[in-house]
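The values are calculated or read from the model by the stated rules, or taken from the named source; none is laboratory data. Quick caveat: nothing in here was measured; it's all calculated off a predicted structure. Neighbour counts run over all protein chains shown; Cβ positions are idealised from the backbone, glycine included. To get the accessible areas, we keep the full protein, side chains included, count just its heavy atoms, and leave off ligands, DNA and RNA. Shrake-Rupley method; radii C 1.70, N 1.55, O 1.52, S 1.80 Å.
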Amino acid sequence: MLTASTDIQFLKGVGEKRAELLKKKGIDTVGALLRFYPRNYLEWKNTVLISESPFDTPVCIKAKIVSEVEKVRIRQGMTLFKFFAEDESARVSVTLFNQKYLADRLNCGSTYLFYGKLGGSFLMRSMSSPEIREENFMGIEPIYSAVGNLTSKSVQRLVKTALSSGIPLNDVLPETVRERCGLCDFVSALGNIHFPISDEALTKAKKRLVFEELFVLQTGLLFLKKRKRSLSGYTVKCNTVDEFKKMLGFTLTSAQERVIGECVRDMASGRSMNRLVQGDVGSGKTAVAAALCYISASNGFQSALMAPTEILAEQHYKTVTDIMGSSGIRCMLLIGSQTKKQKEQVKADLKDGKIDVLIGTHALLTENVEFKSLGLVITDEQHRFGVEQRGALSSKGNNPHTLVMSATPIPRTLGLIIYGDLDISVIDEYPRGRQKIATYCVDSSYRNRVYNYIKKFLDEGRQAYIVCPLVEENETLDITSATEYYENLKDGDFKNYSVGLLHGKMKPKQKDEVMRDFSDGKIQLLIATTVIEVGIDVPNAVVMLIENAERFGLSQLHQLRGRIGRGKYKSSCILISDSRSDDTKKRLNVIKNSCDGFVIADEDFKLRGPGDFLGNRQHGLPDMKIADIFADRETLQLAGREAERMLEEDPTLSLKENAGIKSEIVRLYKRLNEN
Ligand code: ADP
Ligand code: MG
């Protein structure tokens with residue numbers, strides 16, 4: 001008796017060889033095959049006249065074969081079959097490649113349906129390798145991605161076998177949820193996604209399966225979030241935030257105070273904190289981190305503060321020691337470029353508990369660094385971190401509190417799923433006295449004027465950035481190369497100034513050197529690619545010129561711009577773009593008119609979809625089979641609300657009707673659960 005979890009090898013028509021192919025694609029059970037949805041459909045019902053069919057778009061025509069099928073051998077192993085077909089409006093020449101089995105079954109004088117793209121010209125239209133069906137064939141036919149050398153047709157046959165094998169199909173969605181959201185049941189959804197009986201049935205099936213996928217995802221994240229708050233041995237017993245505030249050279253904003261309060265409440269609860277702090281560039285996240293490190297130290301446990309680069313780690317180290325150097329709290333830095341002896345000393349002190357706050361790069365936790373009592377782990381600028389990696393982080397130490405700090409505002413809808421397993425605090429206020437950055441959009445005819453503008457500031461002792469999109473010249477795209485750009489300016493317009501270059505292909509050590517020279521003021525003008533996007537704090541830098549601004553995502557432009565306007569000087573950002581497209585103008589205007597990262601992120605999401613936020617699979621979410629987070633964003637929200645409701649009613653998912661969803665979640669997050 002087959003079930004959904006039966007090994008795919010035992011489905012009729014599969015066998016060992018095919019099973020191997022299927023398994024390579026992740027189709028290892030009969031159930032997984034049923035969830036291998038068609039990538040497209042052929043519609044055989046809306047036939048059009050040949051003369052009225054557009055070229056180069058898939059169409060279905062109904063035509064009579066009016067010549068014998070002619071066989072042309074063009075070279076070894078390659079045979080063409082050619083014939084003419086016509087309807088009442090026009091004639092078309094059809095070519096089949098190597099499809100002998102098909103060609104043999106075609107009869108001159110009979111009428112068939114042809115599905116394909118028309119080519120050729122109005123004088124003689126042609127169609128090459130169309131799908132061909134009997135004249136009275138009806139319906140919508142699924143097209144599957146090929147699996148190894150298994151064609152769509154073979155996959156189709158296997159799916160049909162699986163569907164008609166009578167395996168029990170349990171609906172993971174509870175009936176109450178289905179009814180509330182007007183969704184069809186699983187059996188008819190599965191039947192109609194593979195072999196739709198009508199357009200409406202297909203739409204319904206899709207809607208239901210998309211919902212299900214997003215519902216499982218979000219229920220899973222929420223479930224994880226609740227479950228992960230396990231008991232912690234590091235409980236904050238005395239809140240020393242007032243002591244900390246006295247040491248600060250400024251007054252915390254009320255947003256900073258609130259966020260510290262939220263974290264302290266977590267850390268005092270007896271369970272481990274698992275929180276994300278979202279705060280725009282310049283909102284003062286470092287002070288929040290420092291406060292929490294101080295409070296941890298006064299409660300007798302160690303903390304680790306990690307940054308993505310050495311230079312940032314050093315910067316944090318300086319900030320934190322400046323604040324609490326005199327308080328008796330022992331801070332230490334651990335980075336790759338220290339000598340072996342230095343590192344050994346730090347590690348030994350750490351193990352002995354002689355260090356309260358350790359600051360370093362993310363490599364910190366992967367190296368053989370042992371703490372005496374690690375109670376708090378803070379990772380800075382961690383927006384490109386996946387759910388799974390977050391799990392790995394907290395596995396170090398004995399359930400320490402974890403805090404992730406990110407400056408990348410994520411549109412709310414996406415935040416729900418990217419950070420669905422974390423509690424979220426938002427610093428939605430800037431320190432007082434911060435100047436708004438003036439932003440201008442110009443075309444390249446202004447470049448020389450902009451250079452002169454930059455020189456004026458350099459002459460006054462300030463510093464500036466110029467951002468170029470790519471390192472290497474690309475022949476097809478007119479992108480300014482940073483290296484070439486640098487060479488040109490260094491010996492040309494800016495030959496009387498000290499100019500530096502920073503790009504992603506430099507060695508970390510070189511990069512750090514350049515950044516150090518820039519923050520020490522030895523470099524006046526820094527030509528850079530987007531590597532300066534993250535966290536660099538040089539308050540003396542007040543102008544930024546961004547070349548080819550149209551090539552950047554809005555959130556990225558916002559991050560870049562966040563490198564200036566960090567000190568007491570008025571700062572300005574100039575975006576150069578020669579693009580005349582309305583879309584570009586719209587996008588650049590968003591940047592020009594807003595300095596609020598969340599507003600910008602929402603606009604970016606609306607204009608460009610989730611690519612910039614979910615790029616390169618770095619979000620760590622499972623692959624989507626059928627849902628599209630952008631196109632299906634309304635369903636995403638609906639499913640999110642339903643997920644919350646379900647977990648409120650049944651936090652442990654132990655009710656009988658929720659057993660299906662629970663096992664789906666376990667399957668989906670198996671690797672996470674093993675952490
Ligand atoms: P980010 O959130 O981008 O990491 P930082 O922590 O680097 O921001 O802070 C940006 C700047 O603002 C720093 O120079 C910091 O000293 C300053 N700052 C932070 N909080 C306050 C505050 N409450 N009042 C005045 N200045 C502050
Ligand atoms: Mg920062």
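Annotations for the structure displayed:
- Compared with the direct C-alpha span, the chain from D242 to E634 gains 136.7 nm at full extension, assuming 0.36 nm per residue.
- Entries of K82/K160; K285/K318; K245/K568; K207/K586 with Cα pairs more than 25 Å apart: K82/K160; K207/K586
- Label zone at K64, where the point sits 7 Å out along the Cα-to-Cβ direction: the range 75-98 residues whose backbone N lies under 16 Å: 84-92
- The distance from the alpha carbon centre of the range 654-669 to that of the range 574-599 is 45 Å, rounded to a whole number.
- Computed over protein heavy atoms with a 1.4 Å probe, the carbon and sulfur contribution to the accessible area of the range 46-137 reaches 48%.
- Modelled FRET efficiency - R0 45 Å, R667 with Y453, Cβ distances, 0.05 increments: 0.15
- Mean Cβ neighbour count within 10 Å, used as a protection proxy, ranking 27-35, 127-135, 240-248 highest first: 27-35, 127-135, 240-248
- Where the range 241-427 is the region considered: accessible area per residue in Å², 1.4 Å probe: 36 Å²
- Sites K45 and K23, calculated FRET efficiency, Cβ-Cβ separation with R0 41 Å, nearest 0.05: 0.70
- Label-to-label distance, nm, for residues given as V442 and V599 (7 Å Cα→Cβ offset): 2.4 nm
- Contact order for the chain, expressed relative to its length and based on alpha carbon pairs under 8 Å spaced 6+ residues apart, stands at 13 percent.
- Net lengthening on full extension, R580/R516 (0.36 nm per residue, minus Cα-Cα): 19.2 nm
- For the chain, the share of DSSP beta bridges that are antiparallel, to the nearest 5, is 40%.
- More than 18 Å apart - percent of Cα-Cα pairs taken over the range 149-248: 67 percent
- Residues whose amide H lies under 5 Å from that of L42, counting only those 5 or more places away or on a different chain, are E141, I143; hydrogens are built 1.01 Å from N in the peptide plane.
- Computed from phi, the 3J(HN,Hα) profile of the range 78-90 under the Karplus parametrisation 6.51, -1.76, 1.60 (θ = phi - 60°) reads 10, 10, 9, 10, 10, 7, 10, 9, 8, 10, 5, 9, 6 Hz, with x in place of Gly and Pro.
- Ordering A659, S581, M138 by Cα displacement along the dipole of the chain toward the positive end leaves A659 in first place; charges were set at the Cβ atoms of Lys, Arg (+1) and Asp, Glu (-1).
- Amide H within-cut-off set for T402, under 5 Å, with H built and near neighbours excluded: M273, N274, R275, V377
- Subtracting the Cα-Cα distance of A146 and E88 from 0.36 nm times their residue separation leaves 17.3 nm of extension gain.
- Shape call, the chain: gyration tensor on alpha carbons, a/c limit 1.5: oblate
- Amide H within-cut-off set for T29, under 5 Å, with H built and near neighbours excluded: I8
- Sulfur and carbon atoms: percent of accessible area, the range 241-427 [1.4 Å]: 49 percent
- The range 539-555 - phi-based ³J(HN,Hα) in whole Hz, Karplus 6.51/-1.76/1.60, Gly and Pro as x: x, 7, 7, 10, 10, 9, 10, 10, 7, 6, 4, 5, 7, 9, x, 4, 5
- Accessible carbon and sulfur surface of the range 502-544 relative to its total accessible area, %, 1.4 Å: 50 percent
- Across the range 184-196, computed HN-Hα scalar couplings (Karplus, 6.51 cos²θ - 1.76 cosθ + 1.60, θ = phi - 60°) run 6, 7, 5, 4, 6, 5, 5, x, 7, 6, 8, 10, x Hz from first to last residue, x flagging Gly and Pro.
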